[in-house]
Amino acid sequence: MKKLLELEYIPFSRPYISQDEIEAVIDTLKTGWITVGPQTKKFETRFSQYIGSKHALAVNSCTSGLHLALIAAGVQSGDEVITTTYTFAATAEVIFHVGAKPVLVDIEEDTQNIDPEKIKAAITNKTKAIIPVHFAGHPCAMDEIMKIAQENNLKVIEDAAHALGAKYNGKNIGNIGDFTTFSFYATKNLTTGEGGMITTNNDEDAEMIKSLTLHGISKDAWKRYSSEGSWFYEINNLGYKYNMTDIQAALGLGQLEKFDWNQKQREHIVARYNEGFADIDEIIRPVTKPDITNANHLYIIRLKLESLNIGRNDFINELKEKQIGTSVHFIPLHIHPFYQKKYGNFPIAEYIYERVISLPLYPTLNFGSVDRIIGAVKDIIYANKKTLQFKISKTA
Ligand SMILES: *Cc1c(COP(=O)(O)O)cnc(C)c1O
């Protein structure tokens, strides 16, 4: 039978690029200066003002940001770095890249953030740093983590790929640990297509990171082709090619300007989801805690599988049939083939992973779509309630 009404597909994620941002990129292309230069400098300045950090260093991804932060933190071959299993590949792979060993630990059930008690238990005399990940935009327990770091002389590198706009005890994320790295990947709250930023309040570390982003070359290497520059440069450190381009920075500047408005839209959508799911006992909504501002990067529902006759994967397939895109954050690292032989089990991460679905959340998602998503989730729940199924089988 031919469908009478073709439902429009709601993608899981969609960047919002306004006309001014498109024009800013075009303007940059026309200036003739397309790689790292004045726009990147300006973006760094604006970004550090926004966060309130002393320094902001632009890079080509959050992954390279994490890598450089580890180097600046002095993490070396033979060292150990504690992080969560409940994260993306980037967080842990960079630890291998500096020759150190990632020590994975389990999460808190309510926030899905790294559990400070499990950090404490994982510390050895080889531990050099902790990488907490502010999962989905909900800040980690930073008071506890900073205290553990101080007592054990460890560096704290925050993976804030989800957390631009988040606050902890009134402080912006980006201004707490030794280093914080942000992602401007296409799906993140602020995007430059690909890109990232490292914030720090330490002058020497900032100088080091800046040099490492461009081959370890002396200060302001990019200026060598400008009218103020000179052909002469010196390689002072073993560097990388991790710089941002001015094309990206022009987009980033525009994104930063409308960032607060974007965050407000996310807040409204989250509030609508929360309200829509309030009376559904089979779903656990994202946790909210006092003294934090959530960056609302992801809206994740948790299914109470014990009261349902449908698993998470089939639930996702049914949403897909209803033209709704979703995702799962995250497949715990220790489950992936590369990590499997190296780590044990992390029961909370595994328990959560089997039950979660990330629903669409972005500034241009209109309430009509949000309501359609809520309705679709409810329909699937109603059709698969265990109690309902029981009654039907009794009368059958
Ligand atoms: C996206 C993401 C990264 C990597 O960001 P890139 O900018 O793509 O390198 C790192 N950590 C987490 C938790 C992420 O979600």
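The values are calculated or read from the model by the stated rules, or taken from the named source; none is laboratory data. As the structure is a computational prediction, the values presented were derived from the model and not from experiment. Positions of Cβ are generated from backbone atoms using ideal geometry, with glycine treated the same way; all protein chains shown enter the neighbour counts. Heavy atoms of the whole protein, side chains included, go into the accessibility calculation; ligands, DNA and RNA do not. Shrake-Rupley method; radii C 1.70, N 1.55, O 1.52, S 1.80 Å.
Measuring nothing but how far apart in sequence close Cα pairs (under 8 Å, 6+ apart) lie, relative to its length, the chain scores a relative contact order of 22 percent.
Close amide H partners of LEU308, meaning residues 5 or more places away or on another chain with modelled amide H under 5 Å apart, are LYS386. Placing unit charges on each Cβ (+1 for Lys and Arg, -1 for Asp and Glu) gives the chain a dipole about its Cα centre, and among GLY170, GLY239, GLN340 the Cα reaching farthest toward its positive end belongs to GLN340. Of the Cα atoms belonging to the range 1-118, the radius of gyration and Dmax stand at 20.9, 65 Å. The GluC sites (Glu not before Pro) of the range 1-100 that DSSP puts in a loop, and whose beta carbon has at most 11 other beta carbons within 10 Å, are GLU6, GLU8. Multiplying the residue separation of GLU275 and HIS336 by 0.36 nm and subtracting their alpha-carbon distance yields 18.4 nm.
The spread of Cα positions in the range 1-49, taken along each principal axis and listed from longest to shortest, comes to 59, 27, 17 Å. Based on Cα atoms of the chain, Rg over Rh with Rh as the Kirkwood radius reads 1.01. With a Förster radius of 25 Å applied to the C-beta separation of SER327 and GLU144, the computed FRET efficiency comes to 0.30. Among VAL287, VAL105, VAL94, the largest mean-square fluctuation in a Gaussian network model of the chain (Cα springs under 10 Å) belongs to VAL287.
The H on the amide N of ILE283, modeled in the peptide plane, is under 5 Å from the matching H of LYS304, each at least 5 residues off or on a different chain. Across the range 155-163, coupling constants 3J(HN,Hα) worked out from phi with the 6.51/-1.76/1.60 Karplus curve, θ = phi - 60°, read 8, 10, 10, 8, 8, 9, 4, 9, 10 Hz, and Gly and Pro carry x. Between ILE17 and ASN309, the contour length at 0.36 nm per residue exceeds the Cα-Cα span by 101.0 nm.
Positive-end ranking of GLN112, THR387, TYR185 along the dipole of the chain, with charges on Cβ about the Cα centre, is headed by THR387.
Mind checking the dipole of the range 2-103: about its Cα centre, +1 per Lys or Arg Cβ, -1 per Asp or Glu Cβ, Debye to the nearest 20? If you can, show how the numbers build up before the last one.
Details: 9 positive and 10 negative charges, 13 e Å.
Computed about the Cα centre, the dipole is about 60 debye.
Computed over the chain with a Gaussian network model linking Cα atoms closer than 10 Å, the most mobile of GLN76, GLN19, GLN265 is GLN19. Placing a pseudo-label 7 Å from each Cα along the Cα-to-Cβ vector at LYS30 and ASP379 gives an inter-label distance of 4.8 nm. Taking 7 Å steps out from each Cα toward its Cβ at THR45 and SER230 produces label points 2.4 nm apart. Based on protein heavy atoms only, the chain ends up with 47 Å² per residue of surface accessible to a 1.4 Å probe. A Gaussian network model of the chain, with springs between Cα atoms under 10 Å, assigns the largest mean-square fluctuation among PRO360, PRO337, PRO286 to PRO337. For the chain, a simple Cβ point-charge model (Lys and Arg +1, Asp and Glu -1, everything else neutral) yields a dipole of about 740 debye relative to the Cα centre. Just the protein heavy atoms count here, and of the accessible area of the range 140-232 at 1.4 Å, carbon and sulfur take up 46 percent.
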